[in-house]
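To start, the structure itself, in structure tokens.
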Amino acid sequence: MKISDPKLIAAIGALGVEHRVGVSLAPKTSLEIGGTSDLLVIQKHESLPDLIRLLKEEGVPHRFLGGGSNVLLPDGELPWVILQLSRQDPDVRFEGNNVYVDCAADLGRTVTTCAKHDLGGMEGLIGVPGSIGGALRMNAGAYGTQIGTFVREVQVYRASTGRIETLRGPEINFEYRHTSFAPDDIMLTVRLELPSKPYSEVLQGIRICNEKRRASQPLNQKSAGCIFKNPPGGSAGRMIDELGLKGHSVGDARVSDRHANFFINAGHASQADMLALIADVRERVRDKYGVDLEEEVIVWKTR
Ligand code: EPU
């Protein structure tokens with residue numbers, strides 16, 4: 001969607017928000033699927049409430065895009081203006097075992113920065129692509145670790161009140177790949193409390209997790225990580241694999257040969273290709289196992 005009203009463009013500029021016109025969004029997502037839209041880059045968290053109020057008043061539909069690692073965007077001209085937070089500098093600040101992290105920070109880099117300060121706990125999350133904000137929203141987890149365990153406080157733009165609020169850890173519900181944040185809340189800063197651990201030990205844990213991940217997941221391909229959540233007590237990857245669906249494809253959307261719950265953009269897949277593959281695999285799993293798989297990837301649908 002394009003913003004063309006000069007008055008609105010001036011008002012956005014006055015808030016210190018950068019307006020980029022006709023941005024290609026595919027490179028901003030790990031699946032590399034998606035069309036174009038105007039992008040509003042928010043430099044200062046404080047301008048967010050005024051910006052969203054302004055867009056609402058002017059009737060401009062908008063959506064927030066984080067690190068783009070767990071989202072499937074539509075093709076063509078998107079019917080929303082896209083908001084993104086620019087990374088704050090510095091993006092990590094330490095106070096003893098408390099770490100204040102900007103939500104636009106990269107998750108993996110945060111894990112290693114914390115390690116260098118002799119703080120551990122999050123080793124399992126190394127290699128999970130995306131931002132700290134995205135990890136919070138989905139309660140990212142791997143190898144027995146979930147980020148929610150370490151969250152003590154989150155500063156968030158609450159869509160319901162239109163204000164920036166601070167939520168304490170116990171006020172937030174962290175479940176398997178699900179949290180109590182509203183879909184249009186925007187995470188800004190988090191305080192994590194991490195256990196002390198010598199750098200060498202954290203590094204060893206990181207190495208082990210990296211090896212496990214490299215052995216079982218297609219890390220150098222365009223994907224959104226696991227496409228489905230695991231059903232209670234089961235494994236989506238194992239079921240899809242048992243159905244012989246590795247390599248199965250619709251257009252350029254393909255089930256990974258390495259891990260069957262990773263769906264790959266093998267070239268120039270469209271959102272429609274990926275959705276058709278998801279629907280096809282879901283139906284086959286339902287037919288064979290009687291299990292209805294739930295998507296983990298967040299799909300932006302235009303209608
Ligand atoms: N398996 C197969 N074939 C496959 C894939 C898996 O037989 O193609 C089997 C494995 O051999 C294993 C079982 O299925 O016995 C479970 O597989 P794996 O250990 O790879 O774990 P997963 O349940 O498929 C989960 C998370 C991953 C996370 C790993 C490691 C979900 C949906 N997936 O995968 O998270 O990295 O555990 O902890 O919870 C993600 O959320 O995007 C993600 C990749």
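Quick notes on this one:
- Residues (within 30 Å of Cys226 (Cβ to Cβ), surrounded by fewer than 21 Cβ atoms within 10 Å (Cβ to Cβ) and touching a helix residue (DSSP H, G or I) at 6+ places or on another chain (Cβ under 7 Å)) located in region 28-57: Glu32
- Of the residues making up region 137-147, those that are surrounded by 20 or more Cβ atoms within 10 Å (Cβ to Cβ), touching a Phe, Trp or Tyr at 6+ places or on another chain (Cβ under 9 Å) and outside any loop (DSSP other than H, G, I, E, B) are Arg137, Gln146, Ile147.
- Taking first residues from region 141-152 that are farther than 10 Å from Glu123 by Cα and among the small types (Gly, Ala, Ser) and partners that are away from the ligand (no atom under 14 Å from the Cβ) and modelled with pLDDT under 95, no Cβ contact under 8 Å between residues at least 6 apart in sequence or on separate chains turns up.
- Flag if Arg213 is of a type in the set (Lys, Arg), over 30 Å from Val81 (Cα atoms) and either touching a helix residue (DSSP H, G or I) at 6+ places or on another chain (Cβ under 8 Å) or assigned to a loop (DSSP other than H, G, I, E, B) (or both): no
- Meets criteria (surrounded by 14 or more Cβ atoms within 10 Å (Cβ to Cβ), within 13 Å of the ligand (Cβ to nearest atom) and touching a residue at least 24 places away in the same chain (Cβ under 8 Å)) for Leu245: yes
- Cβ-Cβ under 7 Å pairs, at least 6 apart or on other chains, region 191-220 side touching a residue at least 40 places away in the same chain (Cβ under 8 Å) and on the phi < 0 side of the Ramachandran plot, far side among the aromatic types (Phe, Trp, Tyr) and within 16 Å of the ligand (Cβ to nearest atom): Cys209/Tyr143; Lys212/Tyr143; Gln217/Phe262; Pro218/Phe262
- The condition (being under 14 Å from the mean Cα position of the chain (by Cα) and modelled with pLDDT under 95) is satisfied by just one residue among Gly141, Gly133, Gly127, Gly108: Gly127.
- Yes/no for Lys7 being over 24 Å from the mean Cα position of the chain (by Cα), over 21 Å from Pro183 (Cα atoms) and either at pLDDT 95 or above or among the charged types (D, E, K, R) (or both): yes
- Of all the numbered requirements in (1) in contact with a Pro (Cβ under 6 Å, 6 or more places away or on another chain); (2) surrounded by fewer than 20 Cβ atoms within 10 Å (Cβ to Cβ), Gly234 misses one, and that requirement is (1).
- Sole residue being part of a loop (DSSP other than H, G, I, E, B), among the acidic types (Asp, Glu) and more than 19 Å from Thr29 (Cα to Cα), chosen from Asp241, Asp257, Asp280, Asp287: Asp257
- Tally of residues being within 16 Å of the ligand (Cβ to nearest atom) and either of a type in the set (Phe, Trp, Tyr) or in contact with a strand residue (DSSP E or B) (Cβ under 7 Å, 6 or more places away or on another chain) (or both) across region 250-280: 11
- Where a residue in region 120-137 is closer than 14 Å to Ala104 by Cβ and within 11 Å of the ligand (Cβ to nearest atom) and its partner, wherever it lies, is at pLDDT below 95 and among the acidic types (Asp, Glu), with Cβ under 6 Å and at least six apart: none
- Pairs meeting the criteria (first residue in region 223-238 and without any contact (Cβ under 8 Å) to a residue 12 or more places away in the chain and hydroxyl-bearing (Ser, Thr, Tyr), second residue more than 6 Å from the ligand (Cβ to nearest atom) and assigned to a strand (DSSP E or B), beta carbons under 7 Å, at least 6 apart or on different chains) are lacking.
- Identity of the residue in region 153-210, part of a strand (DSSP E or B) and surrounded by fewer than 13 Cβ atoms within 10 Å (Cβ to Cβ), that ends up nearest to the ligand (Cβ to nearest atom): Glu175
- Cβ pairs under 7 Å, 6+ apart, first in region 103-119 and on the phi > 0 side of the Ramachandran plot, second not in a loop (DSSP other than H, G, I, E, B): Asp118/Ser196; Asp118/Tyr199
- Answer residue from region 21-58, given it is within 18 Å of Gly130 (Cα to Cα), assigned to a loop (DSSP other than H, G, I, E, B) and among the small types (Gly, Ala, Ser) and is farthest from the chain's Cα centre (by Cα) among those: Gly34
The values are calculated or read from the model by the stated rules, or taken from the named source; none is laboratory data. Everything numeric here is computed off the predicted structure, so don't read it as measured data. Neighbour counts are summed over all protein chains in view; Cβ atoms, including those assigned to glycine, are modelled from backbone coordinates with ideal geometry.
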